[in-house]
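Remarks on the structure that follows.
The values are calculated or read from the model by the stated rules, or taken from the named source; none is laboratory data. In this text the structure is predicted, and so the values were computed from the model without any measurement. Cβ placement follows ideal geometry from the backbone for every residue including glycine, while neighbour counts extend to all protein chains displayed. Just so you know, the surface numbers come from the protein's heavy atoms only, side chains and all, with ligands and any DNA or RNA stripped out. Shrake-Rupley method; radii C 1.70, N 1.55, O 1.52, S 1.80 Å.
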Amino acid sequence: MRGLEKHYGRVHALRGVDLDIAEGEFFALLGPNGAGKTTLISLLAGLARASAGSAEIMGFDVTREYRRARRALGVVPQELVYDPFFTVRETLVFQSGYYGLRDNRAWIDELLANLGLADKADAYTRVLSGGMKRRLLVAQALVHKPPVIVLDEPTAGVDVELRQSLWAFIRRLNQQGHTILLTTHYLEEAETLCERVAMLKEGRVVALDRTADLLRGAAERHLLLDIGQQPLPEFLRARLKGMEDGRHVLDLPDFSELETILAGLRAAGIGVRDLALREVDLEDVFLKVMRGGRA
Amino acid sequence: MTGFMTLLRKEILRFWKVLLQTIAAPVLTALLYLLIFSHVLEAHVQVYPGVSYTAFLMPGLIMMSMMQNAFANSSSSLIQSKITGNIVFVLLPPLSYLEFFLAYLVAALARGFAVGVGVLLVGVFFADIEMRHPGWVLAFALASGTVFACIGILAGIWADKFDHLAGVQNFVIMPLTFLSGVFYSIHSLPAFWQSVSHFNPVFYMIDGFRYGFFGQGDVDPWLGMAVVLPFALLLAVATLMMLRSGYKLRH
Ligand SMILES: Nc1ncnc2c1ncn2[C@@H]1O[C@H](COP(=O)(O)OP(=O)(O)OP(=O)(O)O)[C@@H](O)[C@H]1O
Ligand SMILES: [Mg+2]
């Protein structure tokens, strides 16, 4: 993606996005509501046209070579959409046909099995539960085995067990070489699954790095210290970040300092009632970035 | 090709699955018109020599049903898909706008023809109907069906809600079809309305179609086709251009 911009009337939804996602990557696109994630995906999928800039999928320009670009792309839309006139299997057979696939039964059966929809194959889509409709959308996006798979909040409303099996399935596809682009508000999903993360805010990329580096770069570790009503000794004041449930939240960038702190407390005669360590997770990094800090 | 065939199959199945609403109901409506008008007017009106009023009425009713249902099919399918959002299923795949157009066009024609044949089959119980020039019947059916299928696609894409569509239906489609000589020959109208009718393309569609049955009409079928065919082509091109522009489909 190069300099992608999108105006919706007076709304400036994307303000120049440059992003390269390598083949075979598992990539997360994060950002608060309205940041422009879905807009970005719509531009890739040809559902909307860029006001400026360009995008390519597997080397195919999404407007000039739209047929080949779309064939290379599978999109799970964010909205829970379905066609109530048809059954699950009919939906998938039609979707295959739109991609020029006449006999796709074996792969459709595999998709149904992997997504826990096998026993609903002949049910009308209107009687599916919300989570099942979501899974059908995933299956629809995969009918043509696209090399690039885009999932716009695929786990919203999906139960825990299926979320796990869905991710196992997507992970397997990724290992087979499919490129995955994912948006989600469950940051622990992005943290465990994705190699790289981009954070979007008001239509701009405000952070872009390997997930591990983002976490390390944040260099934050907190010590939660419960010393009851006793005052915090002078030598710890500089580390104090705030209070949480009556506990002092202290900065602890370096693990080895823990020893010194405990020794200092003992010397000051302060009894420790409870103590916990907290590692930063992607959520902390996310919140920090969104408040305007750097990752 | 597979893409087009699949979309066509889906569009045909869509109305076939609710046959009672999409085919049986309009046939019944036409039957009611037939019963009432022929009962009231049979004894009083004879438009063409040797043709009973009921027989005269039949082609007009068939054509009117075909046109209204061709319009209803493409417009309602599109607006439903847009409102429910499942239009993305056909926007995401690599279907060309030509495939998209042809699938919606042919499905609308199929629904129109199914209703038309239904009305014809019911009609033969009520009147002697002969088809002198099947070629003209088919040509006018195809050209007119195309016109209304295209208007349906245009309206379905333009409309943001069902109200908009009902507006087109009530203020464009209904007046055009009713005021086109379905129930009368324009020669029975005052001179002023006769000349007004000549500006209504639907008049030529009905008249040419009727000529195919009786071998007589208000105007020459070649003249009629010379009006209807360019009109159909013009609408088809306009529809294709709208689809290509992505208007209201691809923001
Ligand atoms: N079709 C549209 N017409 C007008 N404005 C739109 C349209 N689609 C999106 N927007 C606006 O563009 C901005 C970005 O929206 P977008 O849907 O891309 O956000 P998002 O990051 O996907 O948010 P969420 O997490 O809620 O899904 C918002 O201000 C939204 O109101
Ligand atoms: Mg979104």
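Before moving on, here are some points about what is shown:
- A:G34 being within 14 Å of ligand 1 (Cβ to nearest atom) and more than 16 Å from A:L182 (Cβ to Cβ): yes
- In the range A:43-76, the residues that are more than 18 Å from A:T179 (Cβ to Cβ) and either within 16 Å of ligand 2 (Cβ to nearest atom) or out of contact with any helix residue (DSSP H, G or I) (no Cβ under 7 Å at 6 or more places or on another chain) (or both): A:L47, A:A48, A:R49, A:S51, A:A52, A:G53, A:S54, A:T63, A:R64, A:Y66, A:R67
- Residue match in the range A:177-198 (condition: open to solvent by less than 50 Å² (accessible area, probe 1.4 Å) and more than 29 Å from A:G34 (Cα to Cα)): yes
- Of the set (1) within 14 Å of ligand 1 (Cβ to nearest atom); (2) within 10 Å of another protein chain (Cβ to nearest Cβ), all apply to A:R70 but (1).
- Selection status of A:L173, in contact (Cβ under 8 Å) with a residue 12 or more places away in the chain and away from ligand 2 (no atom under 16 Å from the Cβ): yes
- Residue match in the range A:37-49 (condition: open to solvent by 50 Å² or more (accessible area, probe 1.4 Å) and either away from every other protein chain (no Cβ under 11 Å) or assigned to a helix (DSSP H, G or I) (or both)): yes
- Pairs meeting the criteria (first residue in the range B:84-105 and within 9 Å of chain A (Cβ to nearest Cβ), second residue acidic (D, E), beta carbons under 9 Å, at least 6 apart or on different chains) are B:T84/A:D83; B:G85/A:E79; B:N86/A:D83; B:V88/A:E79; B:F89/A:D83.
- Of all residues assigned to the range A:81-98, none qualifies as being assigned by TED's automatic domain parsing to the domain that holds A:R135, more than 10 Å from ligand 1 (Cβ to nearest atom), among the basic types (K, R) and assigned to a loop (DSSP other than H, G, I, E, B).
- Residues in the range A:1-30 that are within 16 Å of ligand 2 (Cβ to nearest atom) and of a type in the set (K, R): A:K6 alone.
- Residues that are closer than 21 Å to A:D83 by Cβ and surrounded by 18 or more Cβ atoms within 10 Å (Cβ to Cβ) do not occur anywhere in the range B:130-142.
- Qualifying positions in the range A:159-203 - touching a Phe, Trp or Tyr at 6+ places or on another chain (Cβ under 8 Å) and outside any helix (DSSP H, G or I): A:T179, A:I180, A:L181, A:L182, A:C194, A:E195, A:R196, A:V197, A:A198, A:M199
- Residue that is modelled with the highest pLDDT, among those in the range A:27-36 that are open to solvent by less than 20 Å² (accessible area, probe 1.4 Å) and at positive phi: A:G36
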